[in-house]
Amino acid sequence: MFMTLNHFEAGLWSVIGLIFAVAGIRTMGTTSSRCYLLAVLFVAFGISDLVESETGGWWQPWWLLVWKAACLTVFAWQLWEYGASKRHEEWAYYATGMKFYLIGGTLHAAIITLFVKVGAWYWLFRLAWALSPWSSFPFPYGSGDLVFYSYGHDDALATQIERFISSVVSISIPIAVVHSLTFLLVAWGYKLFGSPNYWLDIRTKLKFRKAWSDSARRSWWVWPAVLIIENIWTYLASGFMYTMYPIVNMSYPFQIAIFVIIPFSYISTHATVLRKHIIAVVGTEEVRCISCGYLLRGLLSKRCPECGHNTLSDSVVDFRFRWEWSRNWSSCWKKLRIAMLLGLAFSPLWVSFILVRCPQQWMQFVPSVIQPGKPVFVPNQDIFPIRLDAVCIIQCDESLAVLVLNKMGPSSAKYAVGYWEEASDYGTQTPDTIQSGSVMYSGGPILPIGPWKFKYGIAWEHMLWLTRPTTTCSVTATSKDDYDGDLTWVPNDEESDDLP
Ligand SMILES: [Zn+2]
């Protein structure tokens, strides 16, 4: 994982270096030499990442740290030079835009850290458990038990800081790309479909970079906000999957939705900001009729001589996409937009709901990408999730058994079963028979409990999925701490480990 990330970074910096090298060939003079310098720097920085993947840390050996620091210092110096060479104002716009991209990237990286470091996933797993049919059974996981979800939690501080910084960088880049590309898309849209068509009149006066940086300032929260929703749903969905009750579905519709919501929100901010900027630079001599685009220069009448359209006042300048002038369209669009956003945000719920209720014959016509690969509800009502250190009370007809599990590891436990022929003897007498043994990931499938043969599919990830032989058997479970019965009959050899 760490190695792959380093190789990816090395590749990324080298590609940027290559772009600068090409730019160096295509330009002249100082710009050209600056491009060459940056090309060399980026490639050197990329190589340092390759070295890092071998040594395992950016701070060791010391010369790697010096190497990286030197590269960054020259970068900073070049950036400063470039800023000074540009007009101050424009440089400030760039700085503002970049700053808000970095803020977005930092927030997203902080969200990831929060979920891993603070164990936010753990509370979402607990929530899923509480909402599942097993809420009365003891929750099986400790906050550090599912290694996959707390990956890197215990790493050295330097490694964690490094991971944080590299995620800030690797997230800020896609934010910058998506935000800038959608900005260009909106500008292009206004140029082609703007009404009245002011583009030709104002394109030289328009502060394009300022509009871009304003838009970055107004939409910095979009990416982290969407990602925090995505993270909450993802962990909740994983939690439900671990209860074998996946009523929240994170299949493709939602994943696609995430990648629609972000550009969609950006586009709507760009459209608002760019529109304001365009309106601001339209001179009084350039005002056009909203309806037909006729140049109203010098006309004092409120009526357009060309089409008869009534403007509200002489100074009204307005500019929109052509289709936005239709009143029906705009009210419709507002409602549609709210409905779409709500629908997408809650799609993990309704998608699985629909997929479950769809007749299975219909499913063959659904493209395979949006079919959830897994069964949605517990296929067998006789299966119960038992924590590997729980006490389980089983009652079949008039008889009763107590299964005591003693966890040996995440996928193995020793067990002792006490069996009372008459349930009324339970609590007053020692068990009629006592059995013991162990359950393992690879073991099973039969767990003898009294005269009954229970099946267990897997003992895995701190849980045992126990299958009752008939529906007349009731199964409940509590943790050892909550169990108030007598356990002195449990054989005392639990510590003598005879597991393979
Ligand atoms: Zn007109």
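Residue check: is Ser48 in contact with a Lys or Arg (Cβ under 7 Å, 6 or more places away or on another chain), assigned to a helix (DSSP H, G or I) and not assigned by TED's automatic domain parsing to the domain that holds Phe164? Judged against the criteria, Ser48 is a match.
Residue check: Gly239 meets all listed conditions (1) closer than 19 Å to Leu336 by Cβ; (2) at pLDDT 85 or above but one, namely (1). Checking the stated criteria, Trp59 turns out to be modelled with pLDDT under 85 and not β-branched (Val, Ile, Thr). Being in a loop (DSSP other than H, G, I, E, B), loosely packed, with under 14 Cβ neighbours inside 10 Å and at pLDDT 85 or above is a property that Asp498 lacks. Just one of the numbered conditions (1) away from the ligand (no atom under 16 Å from the Cβ); (2) modelled with pLDDT under 85; (3) crowded, with 18+ Cβ neighbours inside 10 Å is not true of Val317: (1). Flag set for Ser172, criterion: at pLDDT 90 or above and polar (S, T, N, Q).
Criterion first (surrounded by 14 or more Cβ atoms within 10 Å (Cβ to Cβ), assigned to a helix (DSSP H, G or I), hydroxyl-bearing (Ser, Thr, Tyr) and at pLDDT 85 or above) does Ser53 satisfy it? So that I can check it myself, show each step before the final result.
Values: surrounded by 14 or more Cβ atoms within 10 Å (Cβ to Cβ): yes; assigned to a helix (DSSP H, G or I): yes; hydroxyl-bearing (Ser, Thr, Tyr): yes; at pLDDT 85 or above: no.
The answer is no for Ser53.
Here Leu185 clears all of (1) touching a helix residue (DSSP H, G or I) at 6+ places or on another chain (Cβ under 8 Å); (2) within 29 Å of Thr113 (Cβ to Cβ) except the condition numbered (2).
Every condition in (1) in contact with a His (Cβ under 9 Å, 6 or more places away or on another chain); (2) of a type in the set (Ser, Thr, Tyr); (3) farther than 20 Å from Phe137 by Cβ holds for Thr433 except the one numbered (1). Tyr294 meets all of the listed conditions (1) out of contact with any Asp or Glu (no Cβ under 6 Å at 6 or more places or on another chain); (2) over 18 Å from Lys191 (Cβ atoms); (3) at pLDDT 80 or above; (4) within 16 Å of the ligand (Cβ to nearest atom) but one, namely (1). Restricting attention to segment 430-460, the residues that are in a loop (DSSP other than H, G, I, E, B) and either at pLDDT 80 or above or of a type in the set (Phe, Trp, Tyr) (or both) total 6. Beta carbons closer than 8 Å, at least 6 apart along the sequence or on distinct chains, pair a first residue in segment 403-422 that is farther than 17 Å from Cys392 by Cα with a second that is outside any strand (DSSP E or B) and of a type in the set (Ser, Thr, Tyr) for Ser411/Tyr441. Within segment 179-220, the set of residues being within 35 Å of the chain's Cα centre (by Cα), of a type in the set (A, V, I, L, M, F, W, C) and under 12 Å from Leu274 (Cα atoms) comprises Phe183, Leu184, Leu185, Val186, Ala187, Trp188, Phe208, Ala211, Trp212, Ala216. Considering the conditions (1) more than 30 Å from Gly283 (Cβ to Cβ); (2) in contact with a Pro (Cβ under 8 Å, 6 or more places away or on another chain), Thr182 is excluded by exactly one of them, (1). Ser301 falls short on exactly one of the conditions (1) within 15 Å of the ligand (Cβ to nearest atom); (2) small (Gly, Ala, Ser); (3) modelled with pLDDT of 80 or more, and that condition is (3). Suppose we filter Trp134, Trp121 for residues that are in contact (Cβ under 8 Å) with a residue 60 or more places away in the chain, surrounded by 15 or more Cβ atoms within 10 Å (Cβ to Cβ) and not in a helix (DSSP H, G or I); which single one remains? Among Trp134, Trp121, only Trp134 is in contact (Cβ under 8 Å) with a residue 60 or more places away in the chain, surrounded by 15 or more Cβ atoms within 10 Å (Cβ to Cβ) and not in a helix (DSSP H, G or I). Does any residue of segment 102-115 turn out to be among the hydrophobic types (A, V, I, L, M, F, W, C) and touching a Gly at 6+ places or on another chain (Cβ under 7 Å)? No, segment 102-115 has no match at all.
Apart from one condition, Phe148 fits all of (1) surrounded by 15 or more Cβ atoms within 10 Å (Cβ to Cβ); (2) aromatic (Phe, Trp, Tyr); (3) in a helix (DSSP H, G or I); the exception is (1).
The values are calculated or read from the model by the stated rules, or taken from the named source; none is laboratory data. Predicted model only: the values in this text are computed from it and were never measured. Please note: Cβ atoms are built from the backbone with ideal geometry, for glycine as well, and neighbour counts cover all protein chains shown.
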